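The values are calculated or read from the model by the stated rules, or taken from the named source; none is laboratory data. Just so it is clear, the model here is predicted, and its values are computed rather than measured. FYI the Cβ positions are ideal-geometry reconstructions off the backbone, even for glycines, and counts take in every protein chain you see.
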Amino acid sequence: MKKIFSLISAFAIILSVSAQNDKMLKAMTGPVSGLDSIHTIEGWTAAANQFQRIADAEKTEWLPYYYAALSNVMSGLMTGGNQGDKTDPLADKAEALINKADELKKNNAEIWIVKKMITNLRMQADPMTRWQTYVPLGAEALAKAKSIDANSPRIFLLEGQDKFFTPEEFGGSKAEAKKMFETAVVKFSEVKPESPIHPQWGLTQAKYFITLAK
């Protein structure tokens, strides 16, 4: 009798988790697939709020926290440089969210990619005084992402952006950046996300930077 009761309880738990995951999948599929079409601060802010609401409801899932962090970072990056009063709070929020995702999903390359992006956002507020702190931290985060999954197309996207925005006298190169963006595009065609809500953003950015690097 106890075995039957245990089996029924286990089955009920499985059904409950499955229903919860299906609910999250439905809630996130549309917003995730639309990330590459967001081109404004307002759009990223709305996405951040949407993913935050899902994270609040699905506290054991890493993906909503990940996307809420990513959206806050993108909102900050689009705000522009030397506006720490606006971008530092977004970096703080993104860091808290991505750390939560990291607690739920250890050793994940995509989480480390967002951590690298947060260092870019923090440096953007005051490059002259912050680069010594955040350039090494960013390189460390990207190296960690590479050690976990060297084929993530977003790694090549970020490497290309670093090369693109770094002055030539400090090692930057538009030509090298273009090659990295082109590699990212190839990787996007080769590497498929685990599900419709796993990270897949960045292809539009890579193609856009290729046009700028010509």
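Kindly indicate whether any position in region 151-159 is buried (at least 17 other Cβ atoms within 10 Å of the Cβ), under 16 Å from the mean Cα position of the chain (by Cα) and free of Cβ contacts under 8 Å to residues at least 24 places away in the same chain. Talk me through it step by step, then tell me what you get.
Narrowing region 151-159 to residues buried (at least 17 other Cβ atoms within 10 Å of the Cβ): 152-159.
Narrowing the set further to residues that are under 16 Å from the mean Cα position of the chain (by Cα) leaves 152-159.
Then keep just the ones that are free of Cβ contacts under 8 Å to residues at least 24 places away in the same chain; that gives 159.
Yes, because at least one residue in region 151-159 is buried (at least 17 other Cβ atoms within 10 Å of the Cβ), under 16 Å from the mean Cα position of the chain (by Cα) and free of Cβ contacts under 8 Å to residues at least 24 places away in the same chain.
Could you figure out which of (1) within 28 Å of Pro31 (Cα to Cα); (2) among the basic types (Lys, Arg); (3) without any contact (Cβ under 8 Å) to a residue 40 or more places away in the chain isn't true of Lys105?
Here Lys105 meets the rest and fails (3).
Identify the single condition in (1) under 15 Å from the mean Cα position of the chain (by Cα); (2) surrounded by fewer than 19 Cβ atoms within 10 Å (Cβ to Cβ); (3) of a type in the set (Val, Ile, Thr) that Val186 does not satisfy, given that it satisfies every other one.
(1)
Residues are listed down the side, and each one gets a yes or a no for (1) at pLDDT below 95; (2) in contact with a helix residue (DSSP H, G or I) (Cβ under 8 Å, 6 or more places away or on another chain); (3) more than 19 Å from Ala91 (Cα to Cα):
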{"position": "Ile111", "(1), (2), (3)": "no, yes, no"}
{"position": "Lys116", "(1), (2), (3)": "no, yes, no"}
{"position": "Ala143", "(1), (2), (3)": "no, no, yes"}
{"position": "Phe165", "(1), (2), (3)": "yes, no, yes"}
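Between a residue in region 129-140 that is farther than 18 Å from Gly81 by Cβ and in the same structural domain as Ile155 (by TED's automatic domain parsing) and any residue that is at pLDDT 95 or above and outside any helix (DSSP H, G or I), which pairs come within a Cβ distance under 6 Å, given they are 6 or more apart or on different chains?
The qualifying pairs do not exist here.
How about region 79-183: which helices (runs of 4 or more DSSP H) wholly inside it have at least 1 residues that are within 17 Å of Gln205 (Cβ to Cβ)? Spell out the reasoning first.
Working: elements: 84-104, 109-124, 127-148, 153-165.
Here the list reads 109-124, 127-148, 153-165.
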